[in-house]
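Student: What follows is a single structure, and I will ask about it in a moment.
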Amino acid sequence: MPADRHKQTSKYTADRGMPGAFEGETVTRRRFMEAVTHGAGGIAAAAFGLPALGFAIGPIFKRQPFQWQIIGTTHDFSETAYVTKTITIVEGIGEAGKSIAYVRKRNPAIDNQGPQDQWDQYIALSSRCMHLGCPVRYVEAAERFICPCHGGVYNFRGEVAGGPPVRPLDRFYTYSPPAGHPGHGYVYLGPRYSVNSELQRFSPRDPGEPLDGIGQYLYPARASTAIRPSIANLPLPPTIPGTGS
Ligand code: FES
């Protein structure tokens with residue numbers, strides 16, 4: 001019995017009675033070739049898969065610096081009409097880094113969905129269509145945003161009212177310092193964020209990427225100031241014109 005037990009636990013294939021075993025061999029040639037083949041297959045899969053994975057999730061870890069920018073005074077905006085503002089979305093590249101935002105004052109009777117805090121007392125909508133990114137145009141008479149490319153239509157709150165867009169228009173954080181604070185009287189525009197159909201905030205996504213249901217997990221956030229924008233992490237507007245503060 002002790003001798004049998006020794007044979008069963010031996011590291012030599014010949015002792016274990018394996019077919020085709022050689023004296024002094026610890027791994028059969030078949031097992032060895034299997035391991036080599038699997039290893040080579042794994043390396044080949046990683047060579048193709050890792051760059052693709054990095055390309056897909058890399059932007060999640062990318063941080064894009066942003067600067068609060070002044071888009072007007074509190075008197076420039078009303079609750080009932082959008083004002084078109086030219087904004088800078090990429091610094092240092094001139095006109096190519098500029099875009100359009102549609103801005104109005106928050107109206108509690110209309111804007112009763114999504115977060116309601118100090119970061120959206122002014123509603124600032126991106127002009128980028130959430131189908132393929134064409135610039136939308138606000139038609140005041142209809143109180144609709146119309147996309148000229150494929151007929152996308154958004155309502156007054158920027159929600160999809162028709163056509164192929166997959167989610168509401170993106171928004172920008174806004175901030176207006178309260179009385180007694182530096183910058184009081186000005187309206188600042190901060191980083192962009194995306195919203196789902198309930199106007200809940202998400203890190204910015206690209207056009208064509210829905211955020212409802214499983215969609216929020218399928219598409220990684222694009223370069224952003226935060227993976228999940230936390231209002232607590234947003235820096236306050238740094239410069240006040242004319243005061244140097
Ligand atoms: S890009 Fe706007 S509807 Fe297609």
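No value in this document is a laboratory result; all are computed from the given coordinates. Computed from a predicted structure; not experimentally measured. Counting neighbours? That spans all protein chains shown, and the Cβs are built from the backbone with ideal geometry, glycine included.
Student: Under 14 Å Cα to Cα from K105, which aspartates and glutamates show up? Leave out anything in the same chain fewer than 8 places away.
Tutor: D76, E79, D117, D120
Student: Using a 10 Å cut-off on Cβ atoms, rank the peptides 109-116, 92-99 from the highest mean neighbour count down.
Tutor: Packing proxy ranking, top to bottom: 109-116, 92-99.
Student: Quick one: net charge of N155's neighbours, Cβ under 11 Å, K/R +1, D/E -1?
Tutor: Here the count lands on 0.
Student: Another question, if that's okay. By its C-alpha gyration tensor, with a ≥ b ≥ c as the square roots of the eigenvalues, how is region 69-233 shaped: rounded for a/c under 1.5, else prolate for a/b larger than b/c, else oblate?
Tutor: rounded
Student: Can you check what the net charge comes to around V83, using other residues whose Cβ is under 9 Å from the Cβ of V83 (Lys, Arg +1; Asp, Glu -1)?
Tutor: After counting each charged neighbour, the total is +1.
Student: Can you compute the label reach from K11? Point 7 Å from Cα along the Cβ direction, backbone N cut-off under 14 Å, restricted to region 27-43.
Tutor: In region 27-43, the label zone of K11 (backbone N under 14 Å from the point 7 Å along Cα→Cβ) covers 27-28.
Student: Same structure, new question: Aspartates and glutamates within cross-link reach of K11: Cα-Cα under 17 Å, excluding same-chain residues under 8 positions apart?
Tutor: E23, E25
Student: When the Karplus curve 6.51 cos²θ - 1.76 cosθ + 1.60 is applied with θ = phi - 60°, which whole-Hz ³J(HN,Hα) does each residue of region 142-155 get, with x for Gly and Pro?
Tutor: 9, 6, 9, 9, 10, 9, x, 6, 9, x, x, 10, 10, 7
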